Amino acid sequence: MKKQFTLFISVLAFLFAISGNAWAKSKKTVRIGNVNGSGSFNYSGNISIAKELGYLEEEFEKIGYAVEYYAFENGVYANEAFVAGDIDFAFIGDVPGITGLVNGIGTTWIGIDEVVTPIGIAVKKGSPIRKPQDFIGKTVSVAIGTNNHLLYANYFRDAGIAENQFETANLNSANGRAAVISGKVDAAIGNIIDLVPLEQSGQIDIIFTTAERPEWHSQLLLVGRTKFLKSNPKTGVALFKALIRARQTAIKNPKKFYGAISANQLKDYPDQAEKYLNPDKEFKNYIAKITQNNITRAQNLQEFFVSIGRFQKKIDVSSFIDTSYYEKASKELGITE
């Protein structure tokens with residue numbers, strides 16, 4: 001009798017395993033990419049909160065989808081993944097995001113995440129450089145063709161300083177920071193998330209950030225693969241539900257999430273994280289809704305890169321936007337942000 005009972009349990013367990021595997025295989029998959037500069041799986045911005053709390057899995061589970069996460073070192077790789085059909089959504093910087101739209105890779109701009117991502121100008125600790133005029137005859141590091149390049153152009157143009165009055169070193173952000181610390185260049189432009197730890201450790205001084213000029217902030221675009229969205233419209237709604245819920249949770253306990261939204265780079269500096277990433281105390285910079293201000297800034301960026309030859313033609317950025325997924329998610333949740 002005991003042997004029969006044991007056999008029954010074994011068969012039952014086997015049947016459960018088979019049915020469980022069959023159920024798992026019957027589920028569809030949504031693939032979400034994120035660009036964070038390192039290729040690690042430490043996501044940043046509002047998506048990191050939704051991911052940490054399991055809201056993404058919850059919302060996609062409701063409509064029969066499993067979630068797979070992908071991380072990319074830069075937006076070029078993310079765009080290549082879209083072209084290959086390897087990802088369905090991505091949180092991507094405004095420059096590569098708009099590049100994808102301009103080149104017709106089959107993406108649609110559906111939302112915003114981490115709208116306020118301050119960019120800063122760093123000099124070596126103790127440097128006398130403090131204002132644009134101090135850069136005359138100096139060397140500035142910037143990654144040409146990035147949103148850092150746009151700040152670089154605006155900062156000096158606004159002060160009436162011509163590019164021939166100083167030298168430019170075309171270095172990526174990481175190499176630029178290293179060059180400042182070693183004294184090989186006089187200043188570097190980069191994301192505030194990367195600069196704050198170096199400032200707090202006494203290696204650099206941050207002399208300017210776009211917190212002083214919000215119109216120069218970079219933007220992180222939420223884009224979706226157009227064909228996938230058309231065939232799977234519920235996924236866009238589910239994604240926004242997770243993001244909206246994440247922001248609402250973060251408002252209640254902001255300090256808990258400062259590490260997450262900065263890819264853990266500012267977890268040891270909550271005061272600096274609050275200063276730069278949650279200045280209004282309500283995470284309004286993580287509202288996923290695309291506004292006219294977002295569109296105007298994206299259009300200005302696109303036209304800037306046309307002017308320097310990065311893009312060959314001017315486009316109407318708004319023609320690539322679809323806000324219906326966000327609007328439906330907000331309506332179903334009964335939350336107006």
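The values are calculated or read from the model by the stated rules, or taken from the named source; none is laboratory data. From a predicted model like this one, the values you see are computed outputs, not experimental measurements. Virtual Cβ from ideal backbone geometry, glycine too; neighbours counted across all protein chains shown. Just the protein is used for accessible areas: all its heavy atoms, side chains included, with ligands, DNA and RNA removed. Shrake-Rupley method; radii C 1.70, N 1.55, O 1.52, S 1.80 Å.
Distance cut-off 32 Å, Cα to Cα: go down the list 51/331; 241/275; 227/255; 27/331 and report the pairs above it.
227/255
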With all protein chains present, the range 281-337 has a carbon and sulfur share of its accessible area (1.4 Å probe) in percent of 48
In this structure, the FRET efficiency calculated for residue 333 and residue 227 from their beta-carbon separation, with R0 = 25 Å, to the nearest 0.05, is 0.40
In Å², rounded to a whole number, the accessible area per residue of the chain with probe 1.4 Å is 47
Tilt, helix 147-158 to longest principal axis of the chain (alpha-carbon atoms), in degrees rounded to tens, equals 30
Note, the range 172-188: 3J(HN,Hα) by Karplus (6.51, -1.76, 1.60, θ = phi - 60°), whole Hz, Gly/Pro = x, goes 5, 4, 4, 5, x, 5, 5, 5, 5, 4, 7, x, 6, 10, 8, 7, 9
Check: C-alpha center the range 49-113 vs C-alpha center the range 124-181, spacing in Å is 31
A chain fully extended from residue 291 to residue 168 at 0.36 nm per residue, minus the present Cα-Cα distance, gains in nm 40.9 nm
Options (1) 5, 24, 31, 21, 10, 5, 2, 1, 0, 0; (2) 5, 17, 15, 13, 14, 13, 11, 7, 3, 2, 0, 0; (3) 5, 23, 31, 24, 12, 4, 0 are given for P(r) over Cα pairs in 10 Å bins from 0, in percent, and the computed one is (1)
Distance in nm between residue 323 and residue 69 label points, each 7 Å along Cα→Cβ, equals 2.9
Among 134, 205, 88, the residue with the largest mean-square fluctuation in a Gaussian network model of the chain built from Cα contacts under 10 Å is 134
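Assuming R0 = 30 Å, can you tell me the calculated FRET efficiency for the pair residue 181 and residue 136, based on Cβ-Cβ distance, to the nearest 0.05? Spell out each step's value before the answer.
Values: r = 22 Å, r/R0 = 0.75.
Efficiency, from the Cβ-Cβ distance: 0.85.
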